[in-house]
Amino acid sequence: MSKFLRKFDFLQVILILSLALLYIPIIVMVVGSFNASQLANHWTGFTLEWFVKLFNDRRVLEAALLSVEIAFLASTISVILGTLIGISLVRVPRFFGRLLLTTMITAPLVMPDVITGLCQALLFNQTRVLFGWPTQGGFVTILLAHITFTMAYAAVTIQSRMLTVDRSLEDAAMDLGAGPVRAFVEITLPIIAPALFSSWLLGLTLSLDDVVIASFVTGPGATTLPMTIYSKVKLGVSPDMNALATIILAIVGAGVIISNIIMVRAEKQRQLDESKAMAEAH
């Protein structure tokens, strides 16, 4: 018993230390964003000056807008392509190039970002020499690069969900007169909708978080928000960057809370529906 308690105490200590290492820097960052002093270790009073300065920084605002546009388009296109790939790998057991397609989808998941970015940069350089396109790196090159690696995550996620879909439901719909497309849209699509949404969110997060690949394929006048943050903190973290991180943290936190509320309500509704169905059955 004493040995178990010692082990339990040790695990508690590890858990507390891990949480402290994660959240103490976040708390310090949030507090620093409201500090009137530019020095993080010297509190001189409460202020919103850094938030005002941040919203007046045209460079940061343009970078944030560019990042959001690229992330939204990249995640949306990657979900569409990933859905087609996932369906093909599950519904078509044998076709020419299946092994090659599987390998190409898996490779971006394990390949370092530096290698991916270098390969993308070499590709765009070659197409520029051969076809004169793209004329320079920017929005389009970053978008294509982000679609390339976010599509892999979407395809793997959607493929794993498609493996658990009961094909007989579509067959029953087609027996009742629905065509293959209508059966898929009305039966299978709602079933895999959570996987599509999670893949979209994952692609959005990966795109917004990327700095390495974008640095390789971008050009003059196209700087994403992570690249801007990285360039600003090279010589030290400034209070306006603390303010930016606080805003991002607030948005992410609100999103997590809202999603958890929706999931809890959906689970309660599902349990209520099951209870009603069981009551009607009896």
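Relative to the Cα centre, what is the charge dipole magnitude of the stretch 61-248, using +1 at the beta carbon of each Lys and Arg, -1 at the beta carbon of each Asp and Glu, and rounding to the nearest 20 debye? Working shown, then result.
On the way: 9 positive and 11 negative charges, 88 e Å.
Dipole magnitude for the stretch 61-248 comes out near 420 debye.
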Find how many whole Å separate the alpha carbon centroid of the stretch 194-231 from the alpha carbon centroid of the stretch 84-102. 28
Which of Tyr230, Tyr23, Tyr153 has the fewest other C-beta atoms within 10 Å, and how do the rest follow up to the most? Tyr23, Tyr230, Tyr153
With the contact rule set at Cα under 8 Å and sequence spacing of 6 or more, what percent relative contact order holds for the chain? 29
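Count charges around Ile142 for me, please; just the other residues with Cβ under 11 Å from its Cβ, Lys/Arg as +1, Asp/Glu as -1. Could you put the intermediate results ahead of the total?
Values: positive: none; negative: Glu69, Asp210.
Once all neighbours under 11 Å are counted, the net charge is -2.
Compute, for the stretch 183-282, the length of the dipole vector about the Cα centre, with Cβ point charges of +1 (Lys, Arg) and -1 (Asp, Glu) only. Units Debye, rounded to 20. Please list the in-between numbers first.
Working: 6 positive and 8 negative charges, 58 e Å.
In debye, rounded to 20, the stretch 183-282 gives about 280.
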Sorted by Cβ neighbour density within 10 Å, fewest at the top, the residues Asp273, Asp113, Asp210: Asp273, Asp113, Asp210
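Taking the number of other C-beta atoms within 10 Å as the exposure measure, put Arg161, Arg167 in order starting with the fewest.
Working: Arg161 21, Arg167 12.
Placing the least packed residue first, the sequence is Arg167, Arg161.
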Scoring only Lys, Arg, Asp and Glu (+1, +1, -1, -1) among other residues with Cβ under 15 Å from the Cβ of Leu225 yields -3
What does the charge add up to near Phe72, with Lys and Arg as +1, Asp and Glu as -1, over the other residues with Cβ less than 15 Å from its Cβ? -3
With a cut-off of 8 Å between alpha carbons and a minimum separation of six or more residues, what is the relative contact order of the stretch 1-123 in percent? 9
Once Lys and Arg get +1 and Asp and Glu get -1 on their Cβ, which of Ser33, Gly177, Val79 lies farthest toward the positive end of the dipole of the chain? Ser33
Per DSSP H run of at least 4 residues, take -39500 (n - 2.57); add these up for the chain, divide by its residues and hand me the 222 nm value, nearest 500 deg cm²/dmol. -26500 deg cm²/dmol
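None of the figures in this text is laboratory data; all of them are computed from the coordinates on show. A quick note: this is a predicted structure, and the numbers were derived from the prediction, not measured. Using ideal geometry, Cβ is built from the backbone for each residue, glycine included, and neighbour counts are taken over all protein chains shown.
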